Each structure stands twice: as structure tokens, then as C-alpha cells.
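Q: Attaching a single structure in C-alpha cells format; questions to follow.
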Amino acid sequence: MAGANCLVTNDWICGEYLRTRARELTDATLQHVGITVASVLIGLAVAVPLALLVRARPRWAGPVLGLTTLLYTVPSLAMFSLLLPFLGLSTALVVTGLVLYSLTILVRGVLAGLAAVPAETREAARGMGYGPGRLLWEVELPLALPALMAGLRMATVSTIALTTVGAVVGRGGLGNLIEDALPTFFKAQVLAAAVLCVLLAVAADLLLLGLQRLLTPWTRAGTRKRTGTRTRTRTGTGTRTGTLAGARRAGGA
């Protein structure tokens, strides 16, 4: 009875709400995840060719980066309004808007990763007979993964947050629950949806971080090697310092 009373008293934390609305929360979460995954994957599929175009033709850097930045500054409600005549009130409307927002982060992430590939590595690959396509897929993109994955993580977390705005067209995942709860200020529903959004962002970031570590084992090896070198250097320095101190004491005696 006490648990049910939290719905009557409109408490922030209400176990009865979680129990009775579990299906609703699950459906909203799955919709949120689906929209986010589709938006990020499509955004990545668009960002990689754009980044390659900018690298191949540097004069396009200004227009491409300027356009993606301009799109990111457009308020979400205005973006959806501009896309509405073409896509209607649909999930495609929300996904398209989120894809456009993700480009400014993803394009820069891909460019930063490709720029970080050492020039001597490219020259060595060309000397071994690697063509442009093989050089890109087997050398440059693998070495660009750390920066690319960093951009992907930022874009994913940003997209999870922006997906809630899709509630204005009824396709906002957990944002729908927040919008439905605001007129009556249904505290338990607002808090539950907000917490789930945060948990989704944290889980997605940790998942992508784990994937990055799995795909780039050489970065861990490099870190361990540098750590070991610093440890040996400090040990060697300490040993030499101790030896010199002992020699001075012996000389003084």
C-alpha cells in the first residue's frame, strides 16, 4: 500500500511506477536506442566520404566544415520544421536531423585520425606496392581509429541526448515519456526517463571505449612500454643516486 501511495503523492522515487510501467519504459528505451544507432551509423557512413573528399581536395575543407558547423548551430525545432515538408511526421524525420547534427563531430574526427597517420608510414606502404584503396583500408583507417573512435563516442552521446527532442513529433524515445509527464509534472516518470537517458549515454560510451581498446591493441602495448621505460628510468636514477651518496659518505669517513 505504501508503494502505491507514491503514485498518489507524486513522489520523485516510486517503485510502483517502475513496476507498473516497465513495458512502457522498455519500449521507449528500445525506440531511443534504435533511433540513436541508426543516426550514428548513417552519420558515419556520410562523414567518412566527406572527410576523404576534404583530404583529397583541400579547397573543399572550408565549405564542407563550414556547412557541417552551420547545420549543428540550427536549433533542433527549426531543423525538424525544415525537414517536415519532405519527410512528414516520421522516424525518418528525427533520424535525418540527428544525422546532420552528427556530421560536424564525425567529419572532424575522421580528418583528425587520418592526419595523425605518420607520413613515413604511408611512404613505406607505397614502397611495398600498396595502392590508394589498400593503403586506406589496411594502413590509414586502422591507425586513424583512436581519433575516429573518440569522435564516434562524442557523436553517440550527443545523439542520445538530442533524440529526446524528437518527442515533438512523437518519435523521441524516452523524450516522449518526459513530454507526456510535463503537463501534470509526473515526477516519477520524468526522473525515470531522465535517468535512463543518462545510463544509455554512459553505457554507450563505455561500450565504444571497450570496442576501441579491442580494435587498437597496439595503443595498450605502447602505453605499457612507455610506463615500463619510465619505471626503469626512475629505478636507474634512484640506484645511481644511492651509489653516489654512498660514495660521498665513504669519502667523508
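Q: Can you find a residue in region 142-163 that is without any contact (Cβ under 8 Å) to a residue 60 or more places away in the chain and outside any helix (DSSP H, G or I)?
A: No - not one qualifying residue is present in region 142-163.
Q: So, in region 163-202, how many residues would count as being over 12 Å from Gln31 (Cβ atoms) and under 13 Å from the mean Cα position of the chain (by Cα)?
A: 2
Q: Does Leu7 satisfy the condition of being more than 25 Å from Ala203 (Cα to Cα) and either open to solvent by less than 50 Å² (accessible area, probe 1.4 Å) or of a type in the set (A, V, I, L, M) (or both)?
A: Judged against the criteria, Leu7 is a match.
Q: May I pose another question? Report, by residue number, each residue of region 102-146 that is open to solvent by 10 Å² or more (accessible area, probe 1.4 Å) and hydroxyl-bearing (Ser, Thr, Tyr).
A: Thr104, Thr121, Tyr130
Q: Taking region 3-39 as the region of interest, how many residues are of a type in the set (Val, Ile, Thr), under 31 Å from the mean Cα position of the chain (by Cα) and in a helix (DSSP H, G or I)?
A: Count: 6.
Q: Yes or no: region 117-128 includes at least one residue that is among the hydrophobic types (A, V, I, L, M, F, W, C) and touching a Leu at 6+ places or on another chain (Cβ under 7 Å).
A: The answer is yes, given that some residue of region 117-128 is among the hydrophobic types (A, V, I, L, M, F, W, C) and touching a Leu at 6+ places or on another chain (Cβ under 7 Å).
Q: Consider Leu135 carefully, then state whether it is hydrophobic (A, V, I, L, M, F, W, C), part of a helix (DSSP H, G or I) and within 15 Å of Thr219 (Cα to Cα).
A: No, not satisfied.
Q: Can you tell me which residues in region 62-75 are among the polar types (S, T, N, Q) and open to solvent by less than 30 Å² (accessible area, probe 1.4 Å)?
A: Thr68
Q: Given Thr96, Thr36, Thr91, Thr20, which one is in contact with a helix residue (DSSP H, G or I) (Cβ under 9 Å, 6 or more places away or on another chain) and open to solvent by less than 30 Å² (accessible area, probe 1.4 Å)?
A: Going through Thr96, Thr36, Thr91, Thr20 in turn, the sole match is Thr36.
Q: All but one of (1) of a type outside the set (Phe, Trp, Tyr); (2) in contact with a Ser or Thr (Cβ under 8 Å, 6 or more places away or on another chain); (3) under 24 Å from Gly34 (Cβ atoms); (4) open to solvent by 40 Å² or more (accessible area, probe 1.4 Å) hold for Thr156, so report the exception by its number.
A: Unmet condition: (4).
The values are calculated or read from the model by the stated rules, or taken from the named source; none is laboratory data. Fair warning: this is a prediction, and the values are worked out from it, not measured in the lab. Cβ: placed from backbone, ideal geometry, glycine included. Neighbour counts: every protein chain shown. What goes into the accessible areas is simple: the full protein's heavy atoms, side chains included, and nothing from ligands, DNA or RNA. Shrake-Rupley method; radii C 1.70, N 1.55, O 1.52, S 1.80 Å.
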